[in-house]
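Following: one structure in structure tokens, then a few remarks.
The values are calculated or read from the model by the stated rules, or taken from the named source; none is laboratory data. None of the values given here were measured: they were computed from a predicted structure. Because the Cβ atoms are built from the backbone with ideal geometry, glycine has one as well, and the counts that use them run over all protein chains shown. Protein only, heavy atoms only, side chains kept; ligands, DNA and RNA dropped before computing areas. Shrake-Rupley method; radii C 1.70, N 1.55, O 1.52, S 1.80 Å.
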Amino acid sequence: MTNPGSHDQHVRSADGTRLVVRVTGAGDPVVLVHGSGGGLHSWAAVADRLAEDHEVWMPARRGYGPSAVPAGSKSFADEVADLAAVIRAAGVPSGRRVHLVGASYGATLSLHTALSIPRELRSLALFEPPLFAAGPATGPL
């Protein structure tokens with residue numbers, strides 16, 4: 001990422017897990033969610049382009065550095081709760097609803113998060129979500 005105005009921010013999930021979120025730009029908030037093979041670096045090129053007119057939030061999912069690795073095994077529900085916490089943190093300062101973008105496994109998490117907090121989102125964009133991991137909850141979609 002080449003934007004000198006970027007900074008890391010901490011968000012606490014519902015279970016207290018500390019998530020690190022890289023934030024850059026100004027404008028309507030956009031949350032970009034990486035997949036299983038990614039991390040904070042995954043969206044750097046996209047963030048550079050969006051930062052001109054959006055506030056871009058890029059969380060490192062739980063278990064991906066520099067976010068915390070909580071004891072025990074992580075669950076899909078935990079990761080949906082994590083993403084909801086990030087979305088709330090992104091939308092609160094401006095009072096604006098959030099654009100949510102996910103890739104790969106991050107897209108599946110984004111889909112389920114959108115189902116759980118639809119009123120907090122302005123839009124949803126998914127890139128190659130592995131729906132096999134989504135279960136019957138995607139039936140209505």
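Kindly provide the helix-only [θ] at 222 nm of the chain, computed as the sum of -39,500 (n - 2.57) over DSSP H runs of four or more divided by all residues, to the nearest 500 deg cm²/dmol?
-7500 deg cm²/dmol
What are the GluC sites (Glu not before Pro) within the range 47-113 that DSSP puts in a loop, where the Cβ has at most 13 other Cβ atoms within 10 Å?
When the GluC sites (Glu not before Pro) of the range 47-113 are filtered for loop state and at most 13 Cβ neighbours within 10 Å, Glu52 remain.
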Counting only protein heavy atoms and using a 1.4 Å probe, what share of the accessible area of the range 1-114 belongs to carbon plus sulfur, as a whole percent?
53 percent
Do any trypsin sites (Lys or Arg not before Pro) in the range 49-98 lie in a loop, going by DSSP, with at most 12 other beta-carbon atoms within 10 Å of their beta carbon, and if so which?
none
Solvent-accessible area per residue, Å², over the chain with all protein chains present [probe radius 1.4 Å]:
49 Å²
Please give the helix 105-116 orientation as an angle from the longest Cα principal axis of the chain, in degrees from 0 to 90, rounded to the nearest 10.
80 degrees
Hey, what angle do you get for helix 76-91 against the long axis of the chain, alpha-carbon based, 0 to 90 degrees rounded to 10?
30 degrees
Give me the percent of Cα-Cα pairs in the chain that sit more than 18 Å apart, rounded to a whole number.
51 percent
Fraction of antiparallel bridges per DSSP, the range 18-131 only, in percent to nearest 5
25 percent
